[in-house]
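Engineer: Sharing a structure with you now.
The values are calculated or read from the model by the stated rules, or taken from the named source; none is laboratory data. Treat the numbers as computed from the prediction; the structure is a model and nothing was measured. All Cβ positions, glycine included, derive from the backbone under ideal geometry; neighbour counts span all protein chains shown.
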């Protein structure tokens with residue numbers, strides 16, 4: 001049953017040097033065409049389900065002006081929301097204003113995700129980003145003041161000329177703010193991004209691991225639960241929308257390059273904004289086999305601190321995961337553990353989880 005909606009807004013005032021998401025420089029004419037196509041796509045695909053989470057990502061949704069945001073919210077009114085819905089919108093500090101925050105509040109937004117990344121000026125220059133720390137504090141304070149208290153900040157680390165002192169300052173600043181959720185990302189050099197083209201070098205893996213562990217310890221000591229490999233939350237403020245993904249549940253994706261999952265299909269729209277604005281969506285369909293569904297359930301669920309419920313897995317797929325995969329061997333090797341009917345990866349293996357997930361790619365029937 002589909003209960004979540006992702007909406008992609010690809011427009012940005014500036015293009016970050018590390019970003020490989022579907023994006024384009026803000027252009028008023030293109031925004032107008034895009035919103036028309038978005039409305040058509042939503043009205044065509046949405047079948048009236050009760051929705052529990054909406055997430056507007058990008059790009060930079062806050063790059064839209066007030067009139068454009070009002071039109072976006074008008075389009076979104078079609079969705080039927082349950083009483084405990086979560087409605088998130090992504091923002092950058094260089095394009096958010098108090099007026100826009102007021103508009104978000106008026107239109108039912110109850111969670112804000114701000115792209116902070118770092119406060120280090122040299123790194124910000126590398127990332128092609130601007131940041132006014134006083135304005136960051138002002139906007140966070142105002143968000144809390146008007147009741148938008150469910151705030152996420154993104155933290156990026158792992159820059160070759162950065163060090164622990166920079167990371168400590170980033171964390172100190174973030175912890176000085178009244179926020180409920182932190183998403184962390186080690187810099188990944190994606191193909192065809194500006195950093196990749198300029199042959200930027202990644203940091204040493206051992207140092208990256210040390211930074212990962214330091215972030216975990218620091219945020220845990222400050223009351224944040226490390227509930228997913230890259231995400232931390234105060235109690236009760238875990239991202240409901242992202243939990244839909246990690247629990248491998250169905251969702252709609254609207255907008256250029258967006259993905260959906262329902263009816264055993266993973267559906268992805270074309271990344272061509274030119275085509276999208278002409279209402280040419282060029283969807284790509286991946287029909288999932290039963291084994292595909294099992295693997296998705298495992299690789300997504302094991303990202304969570306709680307892991308995978310063995311009972312729920314059996315109810316969902318009709319067989320016991322312990323008998324079809326290399327669980328016994330992996331438990332003996334310390335790669336995974338089973339506690340209270342949950343299969344999970346212990347924290348000491350989170351950093352190398354991708355190597356562990358490879359063990360699940362083959363059915364062993366042991």
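Engineer: Can you find a residue in the stretch 25-48 that is part of a loop (DSSP other than H, G, I, E, B), touching a residue at least 40 places away in the same chain (Cβ under 8 Å) and crowded, with 18+ Cβ neighbours inside 10 Å?
Structural biologist: No.
Engineer: Out of (1) modelled with pLDDT of 95 or more; (2) surrounded by 15 or more Cβ atoms within 10 Å (Cβ to Cβ); (3) not in a helix (DSSP H, G or I), the odd one out for residue 241 is which?
Structural biologist: With respect to (1) modelled with pLDDT of 95 or more; (2) surrounded by 15 or more Cβ atoms within 10 Å (Cβ to Cβ); (3) not in a helix (DSSP H, G or I), residue 241 is out only on (3).
Engineer: State all residues of the stretch 338-354 that are in a loop (DSSP other than H, G, I, E, B) and in contact (Cβ under 8 Å) with a residue 24 or more places away in the chain; if no residue qualifies, say none.
Structural biologist: 341, 345 - these are the residues of the stretch 338-354 that are in a loop (DSSP other than H, G, I, E, B) and in contact (Cβ under 8 Å) with a residue 24 or more places away in the chain.
Engineer: Has the stretch 101-115 got any residue that is surrounded by 13 or more Cβ atoms within 10 Å (Cβ to Cβ) and free of Cβ contacts under 8 Å to residues at least 24 places away in the same chain?
Structural biologist: Scanning the stretch 101-115 turns up no residue that is surrounded by 13 or more Cβ atoms within 10 Å (Cβ to Cβ) and free of Cβ contacts under 8 Å to residues at least 24 places away in the same chain.
Engineer: Under the condition of being in contact (Cβ under 8 Å) with a residue 60 or more places away in the chain and part of a loop (DSSP other than H, G, I, E, B), which residue from the stretch 270-283 is surrounded by the fewest Cβ atoms within 10 Å (Cβ to Cβ)?
Structural biologist: Ranking the qualifying residues of the stretch 270-283, first place goes to 278.
Engineer: Are there helices (runs of 4 or more DSSP H) fully within the stretch 87-153 with at least 3 residues that are within 12 Å of residue 177 (Cβ to Cβ) and in the same structural domain as residue 61 (by TED's automatic domain parsing)? List them.
Structural biologist: Per the criteria, 133-145.
Engineer: In addition: Does the stretch 5-12 contain any residue that is closer than 22 Å to residue 251 by Cα and surrounded by fewer than 14 Cβ atoms within 10 Å (Cβ to Cβ)?
Structural biologist: There is no residue in the stretch 5-12 that is closer than 22 Å to residue 251 by Cα and surrounded by fewer than 14 Cβ atoms within 10 Å (Cβ to Cβ).
Engineer: Within the stretch 12-56, can you find the residues that are at pLDDT below 95 and within 18 Å of the chain's Cα centre (by Cα)?
Structural biologist: Within the stretch 12-56, 12, 16, 18, 19, 20, 21, 22, 23 qualify.
Engineer: Can you tell me which residue within the stretch 162-213, out of those that are modelled with pLDDT under 75 and in a helix (DSSP H, G or I), is surrounded by the fewest Cβ atoms within 10 Å (Cβ to Cβ)?
Structural biologist: 197
Engineer: Now for a different question. Are any residues in the stretch 105-141 in contact with a strand residue (DSSP E or B) (Cβ under 6 Å, 6 or more places away or on another chain) and farther than 30 Å from residue 164 by Cβ, and if so, which ones?
Structural biologist: Listed by number, the residues that qualify are 108, 109, 110, 111.
Engineer: Report yes if residue 293 is at pLDDT 95 or above and outside any strand (DSSP E or B), otherwise no.
Structural biologist: Against the criterion (at pLDDT 95 or above and outside any strand (DSSP E or B)), residue 293 does not qualify.
Engineer: What are the pairs, 6+ residues apart or on separate chains, where a residue within the stretch 284-300 that is under 21 Å from residue 269 (Cα atoms) has its Cβ under 6 Å from a residue that is part of a loop (DSSP other than H, G, I, E, B)?
Structural biologist: Close Cβ pairs satisfying both conditions: 288/264; 296/248.
Engineer: Residue check, residue 81 against (1) closer than 18 Å to residue 239 by Cα; (2) crowded, with 19+ Cβ neighbours inside 10 Å; (3) out of contact with any helix residue (DSSP H, G or I) (no Cβ under 8 Å at 6 or more places or on another chain), all met but one. Which one?
Structural biologist: Going through the list (1) closer than 18 Å to residue 239 by Cα; (2) crowded, with 19+ Cβ neighbours inside 10 Å; (3) out of contact with any helix residue (DSSP H, G or I) (no Cβ under 8 Å at 6 or more places or on another chain), residue 81 breaks only (2).
Engineer: Within the stretch 296-337, can you find the residues that are part of a strand (DSSP E or B) and within 23 Å of the chain's Cα centre (by Cα)?
Structural biologist: 304, 308, 309
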